[in-house]
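Notes to accompany the following structure.
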Amino acid sequence: MDDASLSVRETSPKSPPYTAHRSFLEEVIEATPGDSRLGMCIQCGTCGGSCPSAADMDHTPRQIFAMIRADMREQVLRSNTPWYCVSCYYCTVRCPQEVHITDVMYTLKRMAIREKLYDDSTAPDFSQTFIGYIENYGRSFEFGLATRHNLRHRPFQLPAMVPMGLGMLTKGRMDLTPHRIENIEQLQKILARAIELEVS
Amino acid sequence: MPKYLFYPGCSLQRSARPYQDSINAVKELIGLELEDVRDWNCCGATEYVAIHHLAAHALVGRNLALAAQQVDGTRTVMAACSACYLNLAKTDSYLRADADLAEQVNTALAAGGLHYTPGTVRVRHLLDIVVNDIGLDTIKSRVVRPLKGLRVAPYYGCMIARPDRDNRWDNVEHPVAMDRLMKALGAEVIDFPMKTHCCGGHMTQINLPVAFELIRRLIHGADQYQADLIVTLCPMCQLNLDAYQADVNRYFNTDYRLPVVYFTQLVGLAFGLEPDRLGLGKEFVDARPALSRIGIELPPAEAAEAEAAVARRARKQKAPAGLPMPRMPNDHEEGQ
């Protein structure tokens with residue numbers, strides 16, 4: 001915090017907090033590509049009412065947006081809400097204020113991962129394992145993903161999954177080895193550069 | 001003959017192979033000339049963007065840049081998978097709207113010697129092209145075996161119609177393109193109220209009970225409308241509703257047997273093509289009983305038999321007692 005902002009705070013105690021420090025709301029808006037319109041939320045609750053997994057969320061999307069405005073950074077990033085978002089975009093198309101809700105959920109996931117602020121690692125690990133195959137091969141690899149993910153997160157359910165796995169194999173719907181794209185080096189260079197730009 | 005650049009995506013290579021097989025079987029009959037985007041990579045599904053946002057756009061950007069190099073006569077990139085379609089369309093749309101983002105993505109692409117000018121290609125879904133470019137008249141003219149008497153529940157899932165930043169669809173919650181296509185094939189089409197509700201996407205890998213409930217209500221809905229089968233256009237929807245149906249039955253103590261097939265498979269059947277050329281028989285929930293009702297006989301597949309036996313055994317193991325599970329009053333196993 002520089003001197004100028006400090007003096008603003010001291011001389012005018014009633015000025016809104018965003019003149020003194022960057023609010024969590026601003027942080028989320030900045031980390032969301034394009035115009036998320038998050039600041040326009042009117043707390044109508046259409047999002048939660050349209051959400052197929054709202055019942056399983058710690059907080060409905062409407063509550064999460066109120067918490068973001070209230071600067072409840074850690075509680076928001078620890079909430080399971082973004083991890084139960086199934087990317088169906090019902091909330092996004094129904095929101096009367098055209099808030100890019102699904103995109104905001106992705107932003108919250110990225111922030112929670114970066115700061116390791118999640119209580120259940122199942123979903124973050126799934127995304128991580130999935131993108132690991134993309135970064136190594138350029139393609140997803142269902143057999144590797146399913147076995148690795150389930151061995152780690154629900155080993156006791158593996159026997160119950162055998163019939164499906166066998167079915168996928170016998171029906172020719174699953175490969176046992178991954179497929180690598182020809183120019184994987186090119187893809188890796190592009191992704192490395194993008195990640196570099198993202199953190200800078 | 002219209003030519004389109006084709007982005008197959010990872011699912012069509014394997015888990016949705018029947019989709020790819022049926023596209024291959026019907027494409028010449030409807031004048032659909034496809035050229036694969038060379039050396040395409042995964043679109044990132046719903047996972048890459050949960051970790052990195054700029055890299056997620058760069059990942060898709062490489063596909064758009066490669067497709068742009070092949071632009072010659074057509075600039076339409078077609079995807080048959082809804083997640084691929086959405087990711088390609090969404091990145092192009094975001095890059096068009098946000099010059100800073102476009103510049104950053106191009107800085108990343110430059111590391112691989114590529115460049116993409118936003119808006120160079122037009123991203124569209126296979127269903128959009130079949131219904132709006134090829135047209136239902138052409139489809140009707142090819143029908144030699146109308147699907148008369150087959151009750152189908154058209155299931156679109158989420159990502160084809162939403163968020164629809166390019167306004168490709170008539171309605172983001174109740175699209176009718178596939179309904180009209182099925183009618184053109186002679187099928188009896190259910191006005192399926194859950195046609196764009198969510199199948200759960202990757203939820204089967206995160207929390208099974210949550211995923212099972214999302215799958216159950218779709219199958220239950222189609223079953224209440226007495227559908228013979230569910231027809232879809234998305235590999236994830238097909239996998240969740242088909243491969244997990246036995247697990248859902250076990251979990252809820254139900255006995256649904258609703259086959260889930262791709263719309264291109266039904267197009268092929270109506271065109272008189274042999275079922276095995278269309279990848280039929282590779283579904284977990286056997287489509288044969290539904291298809292034999294309209295006189296289409298599939299050869300008995302050993303694998304399907306074995307699978308059905310496993311599913312039957314699993315159903316018998318269900319415990320009669322236990323915690324109460326959500327149940328609808330007129331459920332299958334109670335009402336019949």
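Results, tabulated for the structure shown:
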read-out: Some residue of the range A:61-84 being within 24 Å of B:Lys195 (Cβ to Cβ) and more than 9 Å from chain B (Cβ to nearest Cβ); value: yes
read-out: Among (1) buried (at least 23 other Cβ atoms within 10 Å of the Cβ); (2) within 25 Å of B:Thr138 (Cα to Cα); (3) out of contact with any Ser or Thr (no Cβ under 9 Å at 6 or more places or on another chain), the one test that B:Phe284 misses; value: (2)
read-out: Scan of the range B:167-177 for residues that are in contact with a helix residue (DSSP H, G or I) (Cβ under 6 Å, 6 or more places away or on another chain) and either of a type in the set (Phe, Trp, Tyr) or touching a residue at least 40 places away in the same chain (Cβ under 8 Å) (or both), ordered by number; value: B:Arg168, B:Ala177
read-out: Pick from the range B:95-110, criterion among the aliphatic types (A, V, I, L, M) and more than 10 Å from chain A (Cβ to nearest Cβ), ranking: nearest to B:Ala56 (Cα to Cα); value: B:Ala102
read-out: In the range B:187-206, the residues that are hydrophobic (A, V, I, L, M, F, W, C) and away from chain A (no Cβ under 12 Å); value: B:Ala187, B:Val189, B:Ile190, B:Phe192
read-out: Test: residue in the range A:73-80 that is part of a loop (DSSP other than H, G, I, E, B) and more than 13 Å from the chain's Cα centre (by Cα); value: no
read-out: Extreme residue, farthest from A:Ala54 (Cα to Cα), among residues of the range B:207-236 that are in contact (Cβ under 8 Å) with a residue 60 or more places away in the chain and within 11 Å of another protein chain (Cβ to nearest Cβ); value: B:Pro235
read-out: Some residue of the range B:93-104 being among the charged types (D, E, K, R) and within 23 Å of B:Asn24 (Cβ to Cβ); value: no
read-out: Criterion violated by A:Glu74 - all others in (1) touching a Leu at 6+ places or on another chain (Cβ under 9 Å); (2) buried (at least 21 other Cβ atoms within 10 Å of the Cβ) satisfied; value: (2)
read-out: Scope the range B:1-42; condition out of contact with any Lys or Arg (no Cβ under 7 Å at 6 or more places or on another chain) and among the polar types (S, T, N, Q); matching residues; value: B:Ser11, B:Gln13, B:Gln20, B:Ser22, B:Asn24
read-out: Count of residues meeting criterion [in contact (Cβ under 8 Å) with a residue 24 or more places away in the chain and either outside the structural domain of B:Thr120 (by TED's automatic domain parsing) or more than 16 Å from A:Asn183 (Cβ to Cβ) (or both)] in the range B:33-48; value: 8
read-out: Members of the range A:107-161 that are modelled with pLDDT under 95 and on the phi > 0 side of the Ramachandran plot; value: A:Lys116
read-out: Any hit, the range B:141-163, residues being of a type outside the set (S, T, N, Q), under 30 Å from A:Ala55 (Cβ atoms), surrounded by fewer than 23 Cβ atoms within 10 Å (Cβ to Cβ) and not assigned by TED's automatic domain parsing to the domain that holds B:Cys84; value: yes
read-out: Qualifying residue in the range B:166-186 (condition: charged (D, E, K, R) and at the interface with chain A (Cβ under 10 Å from one of its Cβ atoms)); value: yes
read-out: Qualifying positions in the range B:218-270 - over 21 Å from A:Met164 (Cα atoms) and over 20 Å from the mean Cα position of the chain (by Cα); value: B:Gln224, B:Tyr225, B:Gln226
read-out: Helices (runs of 4 or more DSSP H) wholly inside the range B:1-63 containing at least 3 residues that are more than 14 Å from every other protein chain (Cβ to nearest Cβ) and surrounded by fewer than 24 Cβ atoms within 10 Å (Cβ to Cβ); value: B:17-27
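To keep it simple, each residue is scored yes or no on (1) in contact with a helix residue (DSSP H, G or I) (Cβ under 9 Å, 6 or more places away or on another chain); (2) assigned to a helix (DSSP H, G or I).
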| position | (1), (2) |
| --- | --- |
| A:Leu151 | yes, yes |
| A:Leu158 | yes, yes |
| A:Met161 | yes, yes |
| A:Met164 | yes, yes |
| A:Leu169 | yes, yes |
| A:Met174 | yes, no |
| A:Thr177 | yes, no |
| A:Glu182 | no, no |
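Matching residues to (1) within 14 Å of chain B (Cβ to nearest Cβ); (2) modelled with pLDDT of 95 or more; (3) within 25 Å of B:Ile51 (Cα to Cα):
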residue	(1), (2), (3)
A:Asp2	no, no, no
A:Glu10	no, no, no
A:Gln43	no, yes, no
A:Cys88	yes, yes, yes
A:Val104	yes, yes, yes
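The values are calculated or read from the model by the stated rules, or taken from the named source; none is laboratory data. Values in this document were obtained by computation on a predicted structure and should not be read as measured data. Positions of Cβ are generated from backbone atoms using ideal geometry, with glycine treated the same way; all protein chains shown enter the neighbour counts.
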